[in-house]
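J.: Here you go, one structure.
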Amino acid sequence: MQNKTFSTLFIGQNLIQLSAVDSTNNYLKLMVSKSEPLADGTVIMADDQFAGRGQLGNTWISKAGLNLTFSIYLRPTFINIASQFQLNVAVSVGLVNALKGFVDHGISIKWPNDIYFNNRKIGGVLIENTLASGNLKNSIIGIGINVNQQEFDDSILKKVSSLSKILHADVDLKDLLEKVCHCIEVQYMKLKSGKFEELLAFYLSNLYQYNKLSPYKADNRIFQGEIKGVSDEGKLLVEFEGRQHRYGLKEIEFLDNN
Ligand code: BTN
């Protein structure tokens, strides 16, 4: 374990670096469950995360020492359960801002909070919340970013990329982590001060396939639709056949757009 101070207000001020762990989200969850209070903004990062978890029960595979796999602990007690998607928006906007500092064009948010470079995934977010009295209590924000990995399994090769593949140069992991923590902190503070509409406008203007006719699959049908927004509870609003339909995470599939 090692500590280094970031130029942030609180996210990453308590930074714990592990050489290997199953999942930084699991590790943080265990820390939160212990009786000693944990500092808001604590970050756990792992050089080797060997059983990373993704959304919808998927696994997150990352080669040891080459990428960022980390989790941020926040106490967003100001967010009502019904508005918990707002946290996803703040985190996605922060991540996109940080990555745009490295890559000029092509970075976007694929609903709900994947990070894309053109048509390829370069990052993912898994947020796990606990609730109390109608509001969020603890939030574990797990983030994986493909940074210096050049080789990927054949099964995902055409669907993913990494910063080093895009930039043709390696990126310093700690430097990137600090920038991501800073950018997420900025958006989180905006959310806390009631500026969600501003965050949402940025989220939508950086949303993959927003207002663009694209192929989707839902309810056993393949159709061309246009993303028109997200609902308060975070559902995707897609227009086709002259009306708007709303979908949860398991209910719609983005089809290949290449
Ligand atoms: C997804 O795209 O499905 C979300 C991937 C989230 C991966 C990160 S890596 C750090 C943290 N620990 C985990 O086990 N998962 C998240």
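J.: Applying the selection to the range 186-220, what residues are part of a loop (DSSP other than H, G, I, E, B) and either in contact with a strand residue (DSSP E or B) (Cβ under 7 Å, 6 or more places away or on another chain) or assigned by TED's automatic domain parsing to the domain that holds GLY248 (or both)? It would help to see each step written out before you state the result.
T.: Restricting attention to the range 186-220, the residues satisfying the condition of being part of a loop (DSSP other than H, G, I, E, B) are 193-195, 206, 208-209, 211-213, 219-220.
Matches in the range 186-220: ASN206, TYR208, GLN209, ASN211, LYS212, LEU213, ASP219, ASN220.
J.: Taking the condition of being among the small types (Gly, Ala, Ser) and buried (at least 23 other Cβ atoms within 10 Å of the Cβ), how many residues in the range 79-122 meet it?
T.: Looking only at the range 79-122, we keep the residues that are among the small types (Gly, Ala, Ser), and these are 82-83, 90, 92, 94, 98, 101, 106, 108.
Then drop every residue that is not buried (at least 23 other Cβ atoms within 10 Å of the Cβ), which leaves 90, 92, 94, 98.
Residues flagged as among the small types (Gly, Ala, Ser) and buried (at least 23 other Cβ atoms within 10 Å of the Cβ) within the range 79-122 amount to 4.
J.: Is at least one residue of the range 177-200 surrounded by 23 or more Cβ atoms within 10 Å (Cβ to Cβ), modelled with pLDDT of 95 or more, touching a Phe, Trp or Tyr at 6+ places or on another chain (Cβ under 9 Å) and of a type in the set (Ser, Thr, Tyr)?
T.: No - not one qualifying residue is present in the range 177-200.
J.: Tell me, which strands (runs of 3 or more DSSP E) wholly within the range 37-150 include 3 or more residues that are within 13 Å of the ligand (Cβ to nearest atom)? I'd like the intermediate steps shown before the answer.
T.: Values: elements: 43-49, 68-74, 107-110, 114-117, 120-132, 135-145.
So the answer is 43-49, 68-74, 114-117, 120-132, 135-145.
J.: When both residues are 6+ apart or on different chains and their Cβ atoms are under 6 Å apart, which pairs have a first residue that lies in the range 48-64 and is of a type in the set (Phe, Trp, Tyr), and a second that is at pLDDT 95 or above and not in a loop (DSSP other than H, G, I, E, B)?
T.: TRP60/GLY52; TRP60/GLY144
The values are calculated or read from the model by the stated rules, or taken from the named source; none is laboratory data. Since we're looking at a predicted model, the values are computed, not measured. For neighbour counting, all protein chains shown are included, and Cβ atoms are generated from backbone atoms with ideal geometry for every residue, glycine included.
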